[in-house]
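These notes concern the structure reproduced below.
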Amino acid sequence: MLELRGVRQRYNGRLVLDLDSFAIAPGAWVAIVGHNGSGKSTLLRILALLERPTEGEVLVGGRVAKGDVAERRRVTLVEQRPVLFRGTVRENLGYGLRTRGATRAAVSAKVQEVADQLGITPLLARHSEELSDGEVQRVAIARALAVEPDVLLLDEPASSADRAAAQTLVLALAEARRRRPLAICLASHQLEDAYRWADDIRALAEGRLSPVTPENLFRVVLPGTGGAGGDLAHVPVGPITLAVTTDRTGPAILAVPPTDIVVSRQAVPTSARNVFRGHITRLARQRPGTVHVTADVGVELVATVSEEAVRDLGLVPGAGVVLAFKATAVRVF
C-alpha cells in the first residue's frame with residue numbers, strides 16, 4: 001500500500017537514508033527500531049510525503065506519489081514532539097474532520113469516541129497550551145485516529161507516556177485495527193515497545209536496514225588483519241574486545257544476533273572465541289516462551305533463551321552469567 005523504491009536521502013551531501021525497498025502492507029503493524037541518528041524520523045517523513053527523497057520513488061496504492069492532498073490524507077504522521085493548534089482539545093480533535101466536511105454531529109461523535117479510547121475525555125475542555133508533553137502526545141495521536149487514515153505513522157509514541165498511558169495507547173491502536181485495515185508504522189529506540197506492540201520489526205543502522213534488530217549493534221573501526229579474507233580480527237568495543245571473522249577494514253557496524261549467544265552460569269569448554277563474564281541486568285518476556293536476557297559484560301549484550309533455560313539456570317537480575325558466541329556469528333556491515 002505504501003512503498004519506497006531505491007530511496008536515498010541526503011542532507012548537505014551527507015547520505016542519511018539508503019533503502020533499496022521498504023513497504024508497509026495494508027493492516028500491517030511495523031516497528032522501525034534503531035539508535036538516535038539511524039534515520040528513523042527521516043524515513044517516517046518520507047513515508048508521510050512531507051519530504052521528497054533525493055533519489056527514488058514513493059508509491060501509494062501502487063502508484064508513484066504526487067504528494068497531493070488526497071494522498072496526504074491517506075497517510076498521517078504524529079511526530080515525537082507534535083504541535084497542537086490553538087484552542088481546546090475538543091477543537092483540535094475535530095479539526096481534521098471539519099476540513100473534510102463532516103457534519104457537526106459526526107464530528108462530535110468521533111471526537112468523543114477517540115477521546116474515550118485514548119483516555120483523554122477529561123482534557124476535552126482544556127486549552128492546548130495547558131497540557132503536559134505526555135498529554136500533547138496523546139491528543140495528537142487521537143487527532144490522527146479521528147480522521148481514519150489508511151496508514152498511521154508514529155515517531156516515538158510512548159516517549160512522554162507513563163506505563164498506564166502507554167498501555168491505553170496500545171489498546172486504542174489495537175481497537176482501531178480491529179475495526180478497519182489500518183496500517184501502523186512506529187519508530188522507537190525502545191526495543192521492548194517494538195516487541196510488545198508490532199508484528200514486524202525492522203532495524204535501521206546508519207540509514208540502512210540491518211539484518212538483525214539492534215540489541216547488539218556496535219559502531220567500530222576494523223583493524224587490518226594483514227592476511228587473506230576471513231582472518232580473525234580483534235576489535236575493541238568499549239572495555240571489551242570482540243573476535244570477528246572478516247576481511248574488511250575501516251568503519252563498520254558489528255551485529256551479534258541474540259539467538260547466537262549461549263548463556264551459562266559458569267564457563268564451559270567451547271570453541272567460541274568470544275566469552276564474557278558479567279551479571280544479568282534485565283529479563284524481558286516479549287514473546288511466549290522466549291526471554292531476552294540483558295547482561296552487563298562491560299557493554300550490554302542481549303541473548304535470547306527459552307523460558308525453560310531461564311528456569312533451569314536460575315537466571316534472575318543480578319545473577320552472574322557467562323555469555324559466549326563464535327567469531328563467525330558476528331555480522332559485519
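No lab work stands behind these numbers, since they all come straight from the coordinates. These numbers come from a predicted model, not from an experiment. So basically every Cβ, Gly included, is an ideal-geometry build from the backbone, and we count neighbours across all protein chains shown.
The residue list Leu4, Leu19, Leu15 contains one member that is surrounded by 18 or more Cβ atoms within 10 Å (Cβ to Cβ) and more than 22 Å from Pro181 (Cβ to Cβ), which is Leu19. Scanning the stretch 1-15 for residues that are aliphatic (A, V, I, L, M) and farther than 15 Å from Leu47 by Cα yields one hit, Leu15. In a residue-by-residue description of the stretch 141-149, the property of being acidic (Asp, Glu), within 25 Å of Gly87 (Cα to Cα) and buried (at least 21 other Cβ atoms within 10 Å of the Cβ) applies to no position.
Between Asp312, Asp260, the distinction of being touching a residue at least 60 places away in the same chain (Cβ under 8 Å) and among the acidic types (Asp, Glu) belongs to Asp260 only.
Scoring Val244 on the criteria (1) over 24 Å from Ser210 (Cβ atoms); (2) out of contact with any Gly (no Cβ under 7 Å at 6 or more places or on another chain) leaves a single failure, condition (1).
Glu156 meets the conditions (1) surrounded by fewer than 20 Cβ atoms within 10 Å (Cβ to Cβ); (2) under 21 Å from the mean Cα position of the chain (by Cα); (3) more than 13 Å from Trp29 (Cα to Cα) in every case but one. The failed one is (1). Determine, yes or no, whether Thr259 is outside any strand (DSSP E or B) and under 25 Å from Ala203 (Cβ atoms). So Thr259 passes the test.
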